[in-house]
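The values are calculated or read from the model by the stated rules, or taken from the named source; none is laboratory data. Since this is a predicted model, take the numbers as computed values, not measurements. For neighbour counting, all protein chains shown are included, and Cβ atoms are generated from backbone atoms with ideal geometry for every residue, glycine included.
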Amino acid sequence: MKSRSRLLLVALPALGTLLAGYLSFQSSAVASQPQTPPSTEQALKSFAAMRPIDVHVHVFKEDPAFQALLERLNLKLLNILVVDDTLSYRKSLEPQIKDALALVRSSHGHIDLCTTLDPYKFSDPSFGAETVKQLDRAFAQGAVAVKIWKNIGMEIKDRDGKFIMPDDPKFRPIYQDIARRGKTLMAHLAEPDVAWGPPDPSDPSWSYYQENPQWFLYNKPGFPSKQEILKARDQLLAENPNLRMVGVHLGSMEKNLDNIAAHLDRYPNFAVDTAARMEYLMMAPPEKVRAFLVKYQDRVLYGTDLDLLATADVQESLKEWQSTYVRDWKFLATDETFDWEGKKVHGLKLPEPVLQKIFRDNALHWIPGL
Ligand SMILES: [Zn+2]
């Protein structure tokens, strides 16, 4: 420790000279070249050439600069709704659907809608029948998929004070309807392991629980375990073999590729998306991740969980969208080694046909109508 800080002191003046040189290079570069470095430009160009589909985003705003990004990247989005009783806008479903359909119409084919149901109405006697009607209306208006969210299993209780689970018989007519209409269920059930604790600041999802402590269940007795929730999810897969389910966020099995593989083997109606969990893949041994993605090349859909909130600073958001696509492209498609949040990441350089499936074709196959 001590010797390292002494070394730093010695190195500082030299670093200052280097930094000054770098900065003057940067400022002259800005004037004559595009703002993005060449490898970033190249990554975005190659990404766009796939005509990629991001199956997991949350967009709440119509914006010309955002639309221009979609057009520049040949990018198609599946825009996902959730009903969340902690946010006033997301509390009620109908206004969200209306706004989301307007966004779809203004996107010139770049955005499709994944609607949702309102699980807070679970205890209404007409819950199943009313939900089926509401979903059928959304399908008629063009919705291609339905999201169920982690509030099932982790938040909402029935009249007896028991947590409602995704395999509850009251959901049965809803799943049957989704299957009958040929739509896809996007299931976000449970959370990363770290939500059940113990606290782990090195986990990629840790900051989320700092900002959203209501979902951090460590030392909170009475909540279902992660295993119980995923068991109910598996039960629903087994009971509905004709229902296509995409387990979003790597099916909440983010740290266990063997477990994901076992589920993909057991349930032919199951696929996963990568949304907000690419960092777990980036942390796992590259050879293992590469072998998994090659073996299950038909079962993994590309998603990010990027958002554009109504209150967003669009320019800032666009930077994040772009840098996420660049990062994911470098990781999956190139053999570059790069830094991400202080860690070295090795690109997997997946074969071209595998990339084509992950970034596009699997979305079209698993979510018909996109
Ligand atoms: Zn999401």
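Condition check ((1) surrounded by fewer than 19 Cβ atoms within 10 Å (Cβ to Cβ); (2) touching a residue at least 60 places away in the same chain (Cβ under 8 Å); (3) under 11 Å from Ala187 (Cβ atoms); (4) of a type outside the set (Val, Ile, Thr)) across all residues:
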{"position": "Ala232", "(1), (2), (3), (4)": "no, yes, yes, yes"}
{"position": "Asn242", "(1), (2), (3), (4)": "yes, yes, no, yes"}
{"position": "Ile260", "(1), (2), (3), (4)": "no, no, no, no"}
{"position": "Arg266", "(1), (2), (3), (4)": "yes, no, no, yes"}
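Considering (1) in a helix (DSSP H, G or I); (2) more than 16 Å from the ligand (Cβ to nearest atom); (3) closer than 28 Å to Ala271 by Cβ, the lone condition that Leu350 does not fulfil carries the number (1). Just so you know, in segment 141-167 the residues that are touching a residue at least 40 places away in the same chain (Cβ under 8 Å) and either in a strand (DSSP E or B) or farther than 25 Å from Ala276 by Cβ (or both) include one that is nearest to the ligand (Cβ to nearest atom), and it is Lys147. Scanning segment 281-309 for residues that are outside any helix (DSSP H, G or I), small (Gly, Ala, Ser) and more than 16 Å from the ligand (Cβ to nearest atom) yields one hit, Ala284. Checking Ala187 against (1) under 17 Å from Val246 (Cα atoms); (2) of a type in the set (Gly, Ala, Ser); (3) out of contact with any helix residue (DSSP H, G or I) (no Cβ under 7 Å at 6 or more places or on another chain), which test does it fail? Failed condition: (3). Assigned to a loop (DSSP other than H, G, I, E, B), modelled with pLDDT of 95 or more and within 16 Å of the ligand (Cβ to nearest atom): is that true of Thr324 in this structure? No; evaluated as a whole, the condition is false for this residue. Within segment 63-88, take every residue that is modelled with pLDDT under 95 and of a type outside the set (A, V, I, L, M) and give me the one that is nearest to the ligand (Cβ to nearest atom). Among those that are modelled with pLDDT under 95 and of a type outside the set (A, V, I, L, M), it is Asp84. Would you be able to say whether some residue in segment 292-307 is loosely packed, with under 12 Cβ neighbours inside 10 Å and not basic (Lys, Arg)? No, because not a single residue in segment 292-307 is loosely packed, with under 12 Cβ neighbours inside 10 Å and not basic (Lys, Arg). Can you tell me which residue within segment 41-96, out of those that are part of a strand (DSSP E or B) and free of Cβ contacts under 8 Å to residues at least 60 places away in the same chain, is surrounded by the fewest Cβ atoms within 10 Å (Cβ to Cβ)? This residue is Asn79. If you check Ala271, Ala276 for being under 15 Å from the mean Cα position of the chain (by Cα), buried (at least 21 other Cβ atoms within 10 Å of the Cβ), at pLDDT 95 or above and in a loop (DSSP other than H, G, I, E, B), only one passes: Ala276. Right, Glu254: within 16 Å of the ligand (Cβ to nearest atom), in contact with a Lys or Arg (Cβ under 6 Å, 6 or more places away or on another chain), acidic (Asp, Glu) and within 19 Å of Ile358 (Cα to Cα) or not? Criteria met by Glu254.
Within segment 228-242, does at least one residue satisfy the condition of being in a helix (DSSP H, G or I), modelled with pLDDT of 95 or more and in contact with a Gly (Cβ under 6 Å, 6 or more places away or on another chain)? Among the residues of segment 228-242, at least one is in a helix (DSSP H, G or I), modelled with pLDDT of 95 or more and in contact with a Gly (Cβ under 6 Å, 6 or more places away or on another chain), which makes the answer yes.
Scan segment 209-228 and give yes if some residue there is exposed (fewer than 15 other Cβ atoms within 10 Å of the Cβ), within 16 Å of the ligand (Cβ to nearest atom) and closer than 24 Å to Asp54 by Cβ, otherwise no. Checked segment 209-228: at least one residue is exposed (fewer than 15 other Cβ atoms within 10 Å of the Cβ), within 16 Å of the ligand (Cβ to nearest atom) and closer than 24 Å to Asp54 by Cβ. Going by what's in this entry, would Asp118 be described as of a type in the set (D, E, K, R), within 16 Å of the ligand (Cβ to nearest atom) and either in contact (Cβ under 8 Å) with a residue 12 or more places away in the chain or in contact with a Gly (Cβ under 6 Å, 6 or more places away or on another chain) (or both)? When the stated conditions are applied, Asp118 does not pass them.
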